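Peer 1: Sharing a structure with you now.
The values are calculated or read from the model by the stated rules, or taken from the named source; none is laboratory data. Keep in mind it's a predicted model, so treat the numbers as computed, not measured. Cβ atoms come from the backbone with ideal geometry, glycine included; neighbour counts cover every protein chain shown.
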Amino acid sequence: MVEFEYVTPSSLEAALQVLGDASHPAMALAGGTRLLIDVRAGVVQPAILVDLRHLDTLEYIRFDDHCVAIGARTTLAQIEMNPLIQRYVPLLAEMASSFGSPLIRTSSTLGGNIASFAQVADAVVPLLALDSTLLFQSAGNRRRQQLSAFITDHRRAAAHAHELITEVSVPVLPGNALWFYAKLGNRKANAIPIASVATVITIQSQRIQEARIALGAITPAPLRATHAEAVLLNESLPLRDQTIEHCLAVLATELQDPLDDMVASAGYRVLMGKALLRKALYHLRPVEQGDDKKMREE
């Protein structure tokens with residue numbers, strides 16, 4: 001039986017103090033949809049479990065200097081339904097609508113999904129394509145880091161256990177952006193994904209100025225396919241079949257050490273990742289245009 005101390009701090013400062021105490025390994029509990037399973041299975045063994053459920057100050061979605069700022073305790077259900085998300089970063093709402101079941105979405109938090117870094121960390125994929133930034137806080141300190149750099153640090157075991165993700169900052173999609181998000185599983189809902197892809201492409205005079213391609217569930221960590229992105233630069237729309245096939249061939253070289261488990265084989269995951277990207281490049285969606293007036297916190 002796993003034994004640990006359970007605390008429910010009433011303020012962010014109190015939570016950070018407990019997490020910063022190096023003498024007792026502590027872990028933050030957000031929605032608990034992943035962590036509690038790991039604790040019960042003995043995969044992780046915290047000395048202290050710090051429940052963040054009372055930290056309402058970390059639960060918000062607001063427009064902030066051409067970005068949508070999202071508090072780490074915001075749930076996937078709130079992200080799915082929020083008008084700011086739907087208008088300015090719609091692929092994030094698309095991801096949330098396909099995440100788990102309605103019950104899971106009401107419990108799972110954005111910060112917890114990112115921090116878990118598990119195969120089911122669906123939110124990381126569109127956030128990578130959106131070039132998002134994380135705000136970390138610890139007792140007496142705060143810093144910002146690109147999500148892509150956080151993934152690299154995490155894989156190098158350089159993550160700081162005493163820090164807490166408190167906010168995700170997502171740049172607003174410009175009017176000349178096209179986007180796509182899709183996820184593949186063995187069934188439509190409540191399935192561990194086999195592959196997922198998010199793309200954001202900005203255009204000028206029907207030519208691609210910038211391309212971002214993010215994939216998840218194929219390799220041990222979500223990734224930005226930067227070499228495949230480079231193939232698309234300065235290409236005109238609609239993309240030629242030859243360009244798409246070249247992009248997919250380059251993508252295959254970036255999918256190193258694909259996952260091979262009971263859910264899907266390594267070869268199948270790579271094949272499906274390429275299929276989803278092909279679909280994305282044929283079915284990019286425009287950002288809906290409207291009044292530019294800033295929408296305030298909901």
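Peer 1: Please work out which residue is surrounded by the most Cβ atoms within 10 Å (Cβ to Cβ), limiting yourself to the range 71-88 and to residues that are among the aliphatic types (A, V, I, L, M) and in contact with a Ser or Thr (Cβ under 6 Å, 6 or more places away or on another chain).
Peer 2: Among them, the one singled out is L76.
Peer 1: Does A198 count as free of Cβ contacts under 8 Å to residues at least 40 places away in the same chain and small (G, A, S)?
Peer 2: Here the answer is no, as A198 does not meet what is asked.
Peer 1: Which one is farthest from A177 (Cα to Cα) among residues in the range 63-93 that are of a type in the set (S, T, N, Q) and not in a loop (DSSP other than H, G, I, E, B)?
Peer 2: The qualifying residue farthest from A177 (Cα to Cα) is T75.
Peer 1: Select from the range 94-151 the residues that are at pLDDT 90 or above, touching a helix residue (DSSP H, G or I) at 6+ places or on another chain (Cβ under 7 Å), assigned to a loop (DSSP other than H, G, I, E, B) and surrounded by fewer than 21 Cβ atoms within 10 Å (Cβ to Cβ) and list them in ascending order.
Peer 2: Across the range 94-151, there are no qualifying residues.
Peer 1: Which members of the range 221-256 meet the condition of being farther than 20 Å from P193 by Cα and of a type in the set (G, A, S)?
Peer 2: A228, A230, S236, A249
Peer 1: A further question follows. Could you list, in sequence order, the residues of the range 261-276 that are in a helix (DSSP H, G or I), touching a residue at least 24 places away in the same chain (Cβ under 8 Å) and under 11 Å from I218 (Cα atoms)?
Peer 2: Result: Y268, R269, V270, M272, G273, K274.
Peer 1: Please verify whether R53 is more than 29 Å from G175 (Cβ to Cβ), charged (D, E, K, R) and touching a strand residue (DSSP E or B) at 6+ places or on another chain (Cβ under 9 Å), treating the condition exactly as stated.
Peer 2: Taking the combined requirement at face value, the residue satisfies it.
Residue by residue, here is whether (1) farther than 19 Å from A177 by Cβ; (2) part of a helix (DSSP H, G or I); (3) at pLDDT below 95 holds:
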residue: E229; (1), (2), (3): no, yes, no
residue: V250; (1), (2), (3): yes, yes, no
residue: R278; (1), (2), (3): yes, yes, no
residue: E297; (1), (2), (3): yes, no, yes
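Peer 1: While we're on this one: Can you tell me which residue among T199, T219 is among the polar types (S, T, N, Q), surrounded by 17 or more Cβ atoms within 10 Å (Cβ to Cβ) and not in a strand (DSSP E or B)?
Peer 2: Just one listed residue meets the conditions, T219.
Peer 1: Scan A252, A217 and give me the residue that is closer than 19 Å to V125 by Cα, touching a Pro at 6+ places or on another chain (Cβ under 6 Å) and in the same structural domain as A191 (by TED's automatic domain parsing).
Peer 2: Every option except A217 fails the conditions.
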